[in-house]
Amino acid sequence: MRKFYRRGISLALALVMMAALLAGCGNKDGVGGDSLGLDVDPADVALPLAETATIKGLTNFPAGSESEPNNRTIFKRLEEQTNVHVEWRSIQNDQWGDTIKLEMSNAKTLPDFIFNAGFGEADLLKYGKQGVIIALEDYIDKYMPNLKKVFEQVPEYKAMCMDADGHIWALPWIEQLGYQKTAIQLVGNMPFINVAWLDFLGLEMPTTVDEFEAVLVAFRDNADKLKAQFNIDGDIIPMSCIMNDGQQDPYILINGFGEGYGDPDTWKHLAVTDEGKVVSVATSEGFKEGTAWLHSLYEQGLIDVEAFTQEWSTYVAKGKSGRYGVCFSWDVGNIATLEGWEPLPMLKADTVSLTPATASYTSGFQRGRCVVTAAAQNPALVCSWLDQMYAPIQSPQNNWGTYGEDDGFDIFVMGKNDKGEDMLQHAPLGDKSPIEVRDAESVNGPLAILDSYYGVYVTCPDDAQYRLDWIKDIYTPVCSAKYCLPNFFMTQEDTTTDSNLSADLGKCVNEFKSRAVMEGFTDADWDQFQADLQAYKLDEYVALYQKYFDAYLAAQE
């Protein structure tokens, strides 16, 4: 555990020093109103308050669930515990994107805080510069002991919340499950294979690309037998996916080709070599060879013809009908069933390799989850109340749901850990789906669940535990990468550049992937693809990330 903290402290110092290298020091006084309210005596905002106070918040809610936040058990309990009443405005999730932009355009009508803001780096920097939101680093230090403790335990997260001038413009959402090469986000588009079909046909789990191809051929050639044995209505599909759709993308299969990079980030298409060099995987020989191999599978009728156009609902419907031999997702239970399916190991072509997904070593993290606005009359009290969301027994409830509901189902029951202390224990849901219960009970917002909390404050969710086991047993042993591309908080200028270049380059790469897998490609086509990447300023894009990564490495020396 000490090694864990030392590593975290090193990374935190590295990122802070990186910020100084890239942008220099900023003036903290008066930026976005961040000095307002700091003269409040911490004792005056210590919770629970002696007399009830009211603050104002804006949040959102899933369609079909409770729209009034104060009717949710979590917020009822928080009001009782803190003596703080929140006057909420709540917006349905599917209307949030457009509505929040309008809300933020009129600072005079804003509430004290935006609970589920979901802002990106560009939003935070823009609203901070405009003075619409306030910087929070000093408030965290004085009025937020729970979050301060989280930052002390895992300093990477504090560093990732800070802009190049050292400001923290938002409160983060953190869901840590595993760490570094055991993190649950190590691989998103996990490949799954129908082992019931393998067993029926007397086949072994494939470990090479040639063995995998032979298995798909066997699925295709024994379609009638499979349909009869498993009572399948509809055509057998040896392998299905959704090309360029994150967790449903099939490019994890090409990791064994060439340099072994694969395509670990289906938006950035970047990786980091063990020498610390940021590279575009789309220029690599492995990407070229792997794409040609995927085309050969498609040409043999082994890949779903709808893989390039189908929507999620179609993908799931075919999977639930039992028609797939191989599919891709975060969890095969989303597509088919857990029974009869297993994760496919990384396949050997030239090598056996797993490149970690971007920012996966620090697990789940969103830096722009909650902001405090300049309209807040008592930002110290607002921050003190928001800090309750970071209490170790509170964060899991905000994230997943609570206990003691009167509607017949709960995510948790309140039990005890090995020391006899309160611990949230995941409850059996019966015929209720986890997402249904979570939508009904959780409130989301700013929170932190650290890996060290499991078994102390909360049990690990079953659907997370078996995925963590898959990662540890199957993928961690073949993840030899020294580095994982970190989650950088770029300057406003660089954030704009990154956004513009990412859009053009991402579209270029994804269009090539789809076209090349369907139609194949010649050496001339490949050369044109490389020329197109250069026309879209690939070298500038890679250099941008190299600048940040070099500063990050230099700060650790």
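The values are calculated or read from the model by the stated rules, or taken from the named source; none is laboratory data. The model shown is predicted, which means the values in this text are computed figures rather than measured ones. For neighbour counting, all protein chains shown are included, and Cβ atoms are generated from backbone atoms with ideal geometry for every residue, glycine included. The accessibility values were calculated without ligands, DNA or RNA, using every heavy atom of the protein model including side chains. Shrake-Rupley method; radii C 1.70, N 1.55, O 1.52, S 1.80 Å.
Within the same chain, lysines fewer than 8 places from Lys472 are excluded, and of the rest, those with a Cα less than 24 Å from its Cα are Lys3, Lys181, Lys348, Lys482.
I'd like the carbon and sulfur percentage of the solvent accessible area for the range 198-244, probe radius 1.4 Å, heavy atoms only, ligands and nucleic acids excluded. It is 42 percent, rounded to a whole number.
Computed over the range 139-266, relative contact order equals 16 percent, with contacts defined as Cα pairs under 8 Å that lie 6+ residues apart.
Please sort 301-313, 443-455 by packing, taking for each peptide the average over its residues of neighbouring beta carbons within 10 angstrom, highest first.
Numbers: 301-313: 16.7, 443-455: 21.1.
Highest-to-lowest ranking by the protection proxy: 443-455, 301-313.
Cross-link partners for Lys142 among the aspartates and glutamates, with Cα-Cα distance under 17 Å and sequence neighbours closer than 8 places in the same chain left out: Asp29, Asp34, Asp39, Asp41, Asp44, Glu152, Asp387.
Distance from the C-alpha centroid of the range 407-441 to that of the range 304-331: 31 Å, rounded to the whole angstrom.
Working note: 222 nm ellipticity from helices only, DSSP H runs with n ≥ 4, each -39,500 (n - 2.57), summed and divided by the residues of the chain, gives -12000 deg cm²/dmol to the nearest 500.
The trypsin sites (Lys or Arg not before Pro) of the range 354-419 meeting both criteria, a DSSP state outside H, G, I, E and B (loop) and at most 14 other C-beta atoms within 10 angstrom of the site's C-beta, are Lys419. Think of the range 122-232 as having a plus end and a minus end, set by charges on the Cβ of Lys, Arg, Asp and Glu; of Ile232, Gln153, Asn189, Gln153 sits farthest toward the positive end of this dipole.
How much net charge surrounds Cys508 when only other residues with a Cβ under 12 Å from its Cβ are counted (Lys, Arg +1; Asp, Glu -1)? Don't jump to the answer; show the numbers that get you there.
Details: positive: Lys507, Lys513, Arg515, Lys537; negative: Asp504, Glu511, Asp532.
Value of the local net charge: +1.
Sparsely packed loop sites in the range 445-543 (the trypsin sites (Lys or Arg not before Pro) outside DSSP H, G, I, E and B with at most 13 other Cβ atoms within 10 Å) comprise Lys482. Screening the chain for DSSP H helices whose Cα atoms reach 30 Å or more along their own axis and whose mean Kyte hydropathy is at least -0.5 gives 2-23. Surface exposure of the chain, expressed per residue as accessible area with a 1.4 Å probe, stands at 43 Å². Past 25 Å, Cα to Cα: identify those pairs from Lys56/Lys126; Lys158/Lys513; Lys227/Lys318; Lys126/Lys547; Lys268/Lys547, in the order given. From the list (Lys56/Lys126; Lys158/Lys513; Lys227/Lys318; Lys126/Lys547; Lys268/Lys547), the Cα-Cα distance tops 25 Å for Lys158/Lys513. Inter-part distance, the range 215-253 to the range 34-87, computed on C-alpha centroids, equals 50 Å.
Please report, in debye to the nearest 20, how large the charge dipole of the chain is about its Cα centre when each Lys and Arg carries +1 at its beta carbon and each Asp and Glu carries -1 there. Mind dumping the intermediate values first?
On the way: 43 positive and 82 negative charges, 195 e Å.
Dipole about the Cα centre, nearest 20: 940 debye.
Against the set (1) 88, 49, 48; (2) 80, 61, 45; (3) 75, 55, 46, the structure's computed Cα extents along the principal axes in Å falls on (3). When you filter the GluC sites (Glu not before Pro) in the range 180-242 for DSSP loop state and at most 10 other Cβ atoms inside 10 Å of their Cβ, you are left with Glu204.
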